[in-house]
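Encoded as structure tokens, the structure appears first; notes follow it.
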Amino acid sequence: MERNFRNLAVGLVAGALALAAGAQDEPKKSEKASKRAAASAAAAGNKVVVNGVTIPQSRIEMMNRELNSQGQPDTPERQQAVREELVNREVLAQAAQKRGLDKNADVQAQMEMAKQAVLVRALFESEVKAHPITDSDLQQQYEQFKQSMGTQEYKVRHILVDKEDDAKAIIAELNKGGDFAKIAKEKSKDPGSKDNGGDLDWGPSARYVAPFANAVTSMQKGQTTPTPVKTDFGYHVIRLDDVRPLQVPPFTELKEQFRQRAQQAQIQRLVMDLRQKAKVEER
């Protein structure tokens, strides 16, 4: 809910910016738009007071940072839109308080949860800042990733069934000239591939569970497994359509993905460490 309201607020600011942009697009109103922009820029350093309550400058700066992160240009029109939105928020918040909504138990609980969310986010940001992930760490992870992917990728089809006897019957049917794609559509229980004739597309062997991967890497192009391959999902009849060298994207393309993954692992370790040290009781 907090995110929904935040998105709504940013949307309102964006709407105000669109109106300002529309005004600039009209030649007859360009002079007035310029005067308004100059006036808002001149007023940017003034305090905004709503019914005696001063809107903190920190709120203005925070909303501007959020809009900056979204790539919106910092213009006098945007500054005015931000100020107008914060005035609207203050007016609405004061109205809610006058109705006693800030004393409502549900509202108080939501406010506490919102406060918790801000604190948790700040803790995570502090942890990442205190223990930055270096490019050298990311390069090492990338090399390990490349090694785990192998040097080949495979274009594979499979038919998945529950019983070994059913898989054996399918292999016998294929040996008699049966159409793999047609049989897959009729008998495979894999919803992700059956409609495509069992096609799993290109991928390294590392994408599959061990028994499946071992079967694929031991096959020749065009070959079908002579016996069913058992995994936790059931029994597979596998055909290897093609093989080609694996092209792993360069480190520069994957670096930020590895950084995000490393930071997620870093945060997970923090959570686990704090949970282990915490005294949790049920009373």
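The values are calculated or read from the model by the stated rules, or taken from the named source; none is laboratory data. Quick caveat, the model's predicted, so the values are computed rather than measured. Note: ideal-geometry Cβ built from the backbone for every residue, glycine included; neighbour counts use all protein chains shown. Ligands, DNA and RNA are excluded from the accessible area calculation, which covers all protein heavy atoms including side chains. Shrake-Rupley method; radii C 1.70, N 1.55, O 1.52, S 1.80 Å.
Per residue, how much accessible area does the stretch 111-156 have with a 1.4 Å probe, in Å²?
With all protein chains present, the stretch 111-156 gives 73 Å² per residue.
Pop out the carbon and sulfur fraction of the accessible area of the stretch 207-283 as a percent, whole number, probe 1.4 Å.
C and S atoms contribute 49 percent here.
Of VAL91, GLN141, LEU119, which is farthest towards the positive pole of the stretch 78-174's charge dipole, taken about the Cα centre with +1 and -1 on the beta-carbons of Lys, Arg and Asp, Glu respectively?
Going by the Cα projections, it comes out as VAL91.
Leaving out ligands and nucleic acids, note down the accessible area per residue over the stretch 214-283 with a 1.4 angstrom probe, in whole Å².
74
Using only Cα atoms, locate the centre of the stretch 106-168 and the centre of the stretch 221-282, then give the distance between them in Å, rounded to an integer.
One Cα centre to the other: 8 Å.
Amide H of VAL48: which non-local residues (sequence gap of 5 or more, or other chain) have their own amide H closer than 5 Å, using H built in the peptide plane?
ILE55
Could you sort out which of LYS47/LYS115; LYS146/LYS194; LYS168/LYS189; LYS103/LYS279; LYS115/LYS277 sit more than 21 Å apart by Cα distance in this structure?
LYS47/LYS115; LYS146/LYS194; LYS103/LYS279; LYS115/LYS277
List every residue whose amide H lies under 5 Å from the amide H of TRP202, counting only residues 5 or more places away in sequence or on a different chain, with H placed 1.01 Å from N in the peptide plane.
Close amide H contacts, sequence-distant or interchain: none at all.
For the stretch 39-117, what % of the accessible area comes from carbon and sulfur atoms, probe 1.4 Å?
Percent of accessible area from carbon and sulfur atoms in the stretch 39-117: 54.
How much length would be gained if the chain were fully extended between ASN104 and GLN70, taking 0.36 nm per residue of separation minus their Cα-Cα distance, in nm to one decimal?
So the chain would gain 8.8 nm between ASN104 and GLN70.
Counting only residues 5 or more places away or on other chains, whose amide H sits under 5 Å from the amide H of THR231 once H atoms are built in the peptide plane?
Here HIS236 satisfy the definition.
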